[in-house]
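Read through the structure below, which is laid out as structure tokens, and then see the notes.
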Amino acid sequence: MLNQIDPHFIRVRTFIPQPDTALFEAMREGRYQSPSPETILTETKVLLEGLCVTSQFLSDHVSNLLPLDGKLPEEREEMLRMIDDALERLKKDTQARAEMELRRHLTNL
């Protein structure tokens, strides 16, 4: 759909279940688990790789694990490199994982 529309900008947000919703209650009860940082970053990577647009791509919300801001297609490779670097940090650095997990949970306050 985004490739067909070719919007001026694409802004992504990581889904955060909101209080007083069924999914939020399921999360509190342990019946729903938010995706891992690896899953979230990989989803963003797959999206970027599949876009054939001339759009500004933004991942600039507190819910996002990685701030991305670039023009497509010109800055796609730089944004993909940032995602790959973050995925590598997650493999090697437990502190990086803890920081990303904390950032995710801060959006639920």
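Among the residues of the stretch 30-51, is any aromatic (Phe, Trp, Tyr) and under 15 Å from Thr14 (Cα atoms)? For the stretch 30-51, residues aromatic (Phe, Trp, Tyr) and under 15 Å from Thr14 (Cα atoms): absent. Scanning the stretch 1-32 for residues that are open to solvent by 100 Å² or more (accessible area, probe 1.4 Å), part of a loop (DSSP other than H, G, I, E, B) and closer than 19 Å to Ser55 by Cβ yields Met1, His8, Arg13.
Restricting the stretch 40-67 to residues that are modelled with pLDDT of 95 or more, outside any loop (DSSP other than H, G, I, E, B) and β-branched (Val, Ile, Thr), which is nearest to the chain's Cα centre (by Cα)? Here the residue is Thr44. Of the listed requirements (1) out of contact with any Pro (no Cβ under 9 Å at 6 or more places or on another chain); (2) open to solvent by 70 Å² or more (accessible area, probe 1.4 Å); (3) of a type outside the set (Ser, Thr, Tyr); (4) closer than 21 Å to Leu2 by Cα, Met79 misses just one: (2). In the stretch 50-70, of all residues being open to solvent by 70 Å² or more (accessible area, probe 1.4 Å) and of a type in the set (A, V, I, L, M, F, W, C), the one that is farthest from Ser36 (Cα to Cα) corresponds to Cys52. Each residue in the stretch 68-77 was checked for being in a helix (DSSP H, G or I) and in contact with a Leu (Cβ under 9 Å, 6 or more places away or on another chain), and 1 pass.
The values are calculated or read from the model by the stated rules, or taken from the named source; none is laboratory data. Not measured: the values here are computed from a predicted model. Methodologically, a virtual Cβ is constructed for each residue, glycine included, from the backbone with ideal geometry; neighbour enumeration extends over all protein chains shown. The area values use the complete protein model at the heavy-atom level, side chains included, leaving out ligands, DNA and RNA. Shrake-Rupley method; radii C 1.70, N 1.55, O 1.52, S 1.80 Å.
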